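Please treat every number below as a calculation from the coordinates, not as lab data. Quick caveat, the model's predicted, so the values are computed rather than measured. Backbone-built Cβ (ideal geometry, glycine too); neighbour counts: all protein chains shown.
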Amino acid sequence: MTVDMAEEERELARLVREFADEVVAPQAYEADRTHTLSMDVVAQMGDLGLFGLPFPEDVGGQGGDYFSLGIAIEALARVDQSVAITLEAAVSLGAMPVHRFGSPAQRERLLPDLVAGRALAGFGLTEPEAGSDAGATRTTARLEDDEWVIDGSKQFITNSGTPITTFVTVTAVTGEHSGRKEISTIIVPVGTPGFSVGPAYDKVGWRASDTHPLTFDGARVPTENLLGERGRGFASFLHILDEGRIAIAALATGAAEGCLEDAVEYARRRVVFGERLGSRQSIQFTLARMQARVHNARLAWHHAARLRDAGKPFKTEAAIAKLTASDAAMDNARDATQIFGGNGFMNEFAVARHYRDAKILEIGEGTSEVQLLVIARALGLER
């Protein structure tokens, strides 16, 4: 925690850390082993109000802000990144686009269940040929008889196939102007004919997180399912990603902290050649560097979140936070695994799972290279 946190924010951190240690951590190994997201854990997160943290009370939220969401995500990621990303994606990519860009009718219909954790939603952006280059989107939507007819595919979509997933929001090409694609976002309810969810991926990490490919083959939805303005889908997605990078930075900070905590505890009790592992200066220096990484990562996402909540520009700071925190998570996972030795290679230990999980933090919601590009452009460097 940092000195600028209010007492209610500190209390939230304590509450979620306690929930993470007592409820999430005990099931994390089995959930990872079986590639299963515990819907009971999701329901308890809903009961705690975590899905509604940054939303106003008039839509059923907690009346908090993005900083509060980051606190919760960081606390969960210490023990289970899969659960943390479930919350992050549910809020940043599922509910937030509806809250930010939805019509009054869409918000009234969809937000109450989303912010209560009774429903989840996915955000269909990435495609086989459109990852970091989201402008290469090939999924199309054409108007026909007052309906959008959607064709295409999406991949790596979080929270898209759970028992409580109710819809996905997809980016699609809805026209062309002056040789440039017009990209819009459209809400597609689960069960829509022509919309199918593929089998869950067999992933390296985040194995308890729900992730699927999506296929659209003449899927029809009403014209009022357009989310936001037609042709503004790409701009809307960029804004959502900027906010999401803060949340991912908070997640990465939690992962880095979890690696540090476990490594410190292991070094204190592990005896090697007749002495505590933690008594060796080389190990102490490694742990000290791990602590410094956690500290810097937390300061970075705190700063970006405070700017966002104050209504100030935060795009560059969000990129810096994600870059700094994802590096910290990956470096701390590697160092913690090394301190654990052979035990660090066993999945029953959290550091092994963090080691597998952390890599995606350098890829998802904007690769590290994309973050460097954003930062470089903020320096005024030419494209």
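Quick notes on this one:
- Candidates GLN27, GLN338, GLN281: whichever shows maximal mean-square fluctuation once the chain is modelled as a Gaussian network with Cα springs under 10 Å: GLN281
- Extension gain for ARG33 to HIS295 (0.36 nm times residue separation, less C-alpha to C-alpha distance): 91.2 nm.
- Here each label is just a point 7 Å from Cα along the line to Cβ, and for LEU373 and LYS203 those points are 2.3 nm apart.
- Taking Cα atoms only, the orientation of helix 7-19 departs from the longest principal axis of the chain by about 80 degrees.
- Considering only GLU362, GLU144, GLU129, the Gaussian network model of the chain with Cα springs below 10 Å gives its largest mean-square fluctuation to GLU144.
- Degrees separating the helix 66-77 axis from the principal Cα axis of the chain, which is the longest one: 50
- Remark: relative contact order (region 224-382) = 29 percent; criterion is Cα-Cα distance under 8 angstrom and separation of 6 or more residues.
- Counting charges near SER279 (Lys, Arg +1; Asp, Glu -1) among other residues having Cβ under 15 Å from its Cβ returns a value of +3.
- Prolate/oblate/rounded call for region 59-153, Cα gyration tensor, a/c under 1.5 rounded: oblate
- GluC sites (Glu not before Pro) within region 253-361: DSSP coil, no more than 14 neighbouring Cβ in 10 Å: GLU348
- Candidates per chymotrypsin sites (Phe, Trp or Tyr not before Pro) in region 191-274, loop by DSSP, up to 16 other Cβ within 10 Å: PHE273
- Relative contact order (percent, whole number), the chain, Cα cutoff 8 Å, 6+ residue spacing: 16
- Potential lengthening between ILE363 and GLU57 on full extension [0.36 nm per residue; Cα-Cα distance subtracted]: 106.8 nm
- The separation of region 1-56 from region 320-358, counted between C-alpha centres, amounts to 20 Å.
- With contacts taken as Cα pairs under 8 Å and at least 6 residues apart, region 7-112 reaches a relative contact order of 26 percent.
- For region 136-248, a/c is not less than 1.5, where a ≥ b ≥ c are the root eigenvalues of the C-alpha gyration tensor, and a/b does not top b/c. That puts it in the oblate class.
- Proximal lysines to LYS154, defined as alpha-carbon separation beneath 25 angstrom and excluding residues fewer than eight positions away on the same chain: LYS181, LYS203, LYS322, LYS359
- Cα-based shape type of region 7-112, given that a ≥ b ≥ c are square roots of the gyration tensor eigenvalues and the cut on a/c is 1.5: oblate
- Fluctuation leader among ASP65, ASP145, ASP242 - the chain, Gaussian network, Cα springs under 10 angstrom: ASP145
- Nearest-0.05 FRET efficiency for ALA43 and VAL272, computed from C-beta distance (R0 56 Å): 0.80
- GLU176/THR223 FRET efficiency (R0 22 Å; Cβ-Cβ; nearest 0.05): 0.70
- The ranking of HIS302, HIS35 by Cβ neighbour count inside 10 Å, starting from the fewest, reads HIS35, HIS302.
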